[in-house]
Each structure stands twice: as structure tokens, then as C-alpha cells.
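Comments concern the structure below.
Nothing in this text is a laboratory measurement; each read-out follows from the coordinates by a stated rule. Keep in mind that this is a model prediction, so the values were computed, not measured. Heads up, the Cβs are rebuilt from the backbone with ideal geometry, glycines too, and the neighbour counts pull from every protein chain shown.
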Amino acid sequence: MRIACFNINGIKARHAALCDWLDEASPDVVLLQEIKSIDENFPHEMFEDRGYNVETHGQKGFNGVAILSKYPLEDVSRGLPGDDSDEQARWIEATVTGDAGAVRVCGLYLPNGNPAPGPKYDYKLAWMERMHARAAALLATEEPVLMGGDYNVIPQDEDAARPEAWHKDALALPESRAAFRRLLHLGLTEAFRARVEGPGHYTFWDYQGGAWQRNNGIRIDHMLLSPQAADRLTDCGIDTEVRGREKPSDHVPLWVDLDI
DNA sequence: ATGGCACGTCAAACGTGA
């Protein structure tokens, strides 16, 4: 089963590029971030015509997450637990049952947090604390779990083309990196780093400053796997070339193959 | 050497992002 995540930066602006990629990459499950749409306006039919079931958790104008799946999506839940006053649509879960078992997939759009320090950074760190609690609860099930999406965290300096430019940014501040490591310390495996070592691997290039042409990228989209999912990991990759196409998102897809 | 962006909202700038 191939599971991908992709921050599309607006479904209305990206449906053509997204469908082109779906048609060629043919992932079984896709976790979408930044749909920037309310549920009613999400183009379900476009994906249903391609054999995908669709579940969304959107809001007006910003944020918003969705799951596409060629397998049925069961026990769907929307929103990250731990703060009933949080109105931002950044988390969705569902269970996908493949030919050889089930996996709980969580699609997430972690807050950016800039400017730091400030209330937006406080919200980011609090959100990561809530995610830590949710991840611990999911790990306690001892079932395969995948948490994938836009983490808005550059884990290490090797994950940025120009690390010094990010040292005071919410994506790379020590507290952000520590919170990301705290997730890993629960016993989660970061799929990409289980397969690939070294610098030069990115999932985001800013629209400004010719970042793509200069390969001035950062690696901020990630997939974390429970031990039961990590044991079934057979491959992981980044569809880098998508960034060079017509009307691209500023992110590219990240995917894993799980023997499920 | 330097400056160079793109969403959605709503109909002109503005908030937001990374």
C-alpha cells in the first residue's frame, strides 16, 4: 500500500496539478494539507471519479486537511484532541484496511509558529504537546499507525540548504526541534530517515527568491510510523520533480510503501 | 549586483504562509 502526503496550498488552485500527479503516481492513500476550503466546496467528484473515497476537515480560507483513499475510510475523526476551543482544521484520522491488515492514518498540518517568540509560536508548541498526547494514545493500541503531513519542523541542519537562515525561525528553533524529537522518543520512526541518509533532500521550496531554481529547499513534510507500521516499511521517497511543473504547490509529495 | 511569490477573500488591498 502506497501512502502519500502532500500540502497542496489550496485545492481550488491545485486541482489540475493534483490530478496529474494522482494519475501517474497512483497512490492508494493521500493525506492532503492546506486544502483552504470548506467541506461543501471540496471537489469530491473529481477524486471519486478516480476511484478514491474522500473525507475532509476544512474551514473557510485557511488550513484544512483531507484524506483520499482507494480503500474504504473507517472510523473517521476530525480535529486534534486536547483543546475544545481550537477552531483550526489541522488534523484528521481514519482507519484503512488493505489486503494484509489495517493502518490508522493521521493527516496533520502542524502550525507554522512564526513570528517567534509570540502567541503563534506558543500555539505551535501547545499543538505539538497535544499531538504528543494523541500519538501516545495511538501507540498504546499497538496497531500500525502513520502520522503524515506538513510538520513545519526542520529536524536538523542537514534538512535545509541554508541552515543558518532558519536558526531564528519557528521551523528550526531549538524548542521546535526538541518537540519533534519528543515525538520520536515515544518510539516512532521517521520513515524518510529510516531509508535515506545525508543532506540535500527537501519537500518545500519557497515561491520567493527563485528558491526552486537555486535548490534552496527545506525538509518539513514527514511521516512518523509506529513500530508495527515501521516493521512493514518497504520504501519511502519524495516526488521532487512535481515542484518544477506548471502552477505548482510550494510543497511536493512524500510517500511510503507499507506491506499492508 | 540585485530583486524577483502565491493563496483566499472579495472585489482593493490585506492576512497568511515558510
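Of the listed requirements (1) farther than 22 Å from A:Ala178 by Cβ; (2) crowded, with 16+ Cβ neighbours inside 10 Å; (3) touching a Pro at 6+ places or on another chain (Cβ under 8 Å); (4) free of Cβ contacts under 8 Å to residues at least 40 places away in the same chain, A:Tyr123 misses just one: (1). Exactly one residue among A:Gly209, A:Gly198, A:Gly149 is part of a strand (DSSP E or B) and either on the phi > 0 side of the Ramachandran plot or of a type in the set (S, T, N, Q) (or both), and that residue is A:Gly149. I'm checking my understanding of the structure. Among residues of the range A:14-39 that are surrounded by fewer than 19 Cβ atoms within 10 Å (Cβ to Cβ) and more than 11 Å from DNA strand B (Cβ to nearest atom), which one is nearest to A:Asn112 (Cα to Cα)? Filtering the range A:14-39 for residues that are surrounded by fewer than 19 Cβ atoms within 10 Å (Cβ to Cβ) and more than 11 Å from DNA strand B (Cβ to nearest atom), the one nearest to A:Asn112 (Cα to Cα) comes out as A:Asp39. Among residues of the range A:1-26 that are without any contact (Cβ under 8 Å) to a residue 24 or more places away in the chain, those with a beta-carbon under 8 Å from a residue that is within 11 Å of DNA strand B (Cβ to nearest atom) at least six positions away or on a different chain give the pairs A:Leu18/A:Ile8; A:Leu18/A:Ile11.
For the range A:106-129, the count of residues that are in a strand (DSSP E or B) and over 14 Å from the mean Cα position of the chain (by Cα) is zero. Residues of the range A:62-108 that are touching a Ser or Thr at 6+ places or on another chain (Cβ under 9 Å) and free of Cβ contacts under 8 Å to residues at least 24 places away in the same chain: A:Leu73, A:Glu74, A:Asp75, A:Val76, A:Arg78, A:Glu93. Only a single item in (1) in contact with a strand residue (DSSP E or B) (Cβ under 7 Å, 6 or more places away or on another chain); (2) within 11 Å of DNA strand B (Cβ to nearest atom); (3) not small (Gly, Ala, Ser) is not met by A:His222, and it is number (2). Tell me, which residue of the range A:152-178 that is touching a helix residue (DSSP H, G or I) at 6+ places or on another chain (Cβ under 8 Å) and in a helix (DSSP H, G or I) is farthest from A:Gly101 (Cα to Cα)? Per the stated criteria, the residue is A:Pro163.
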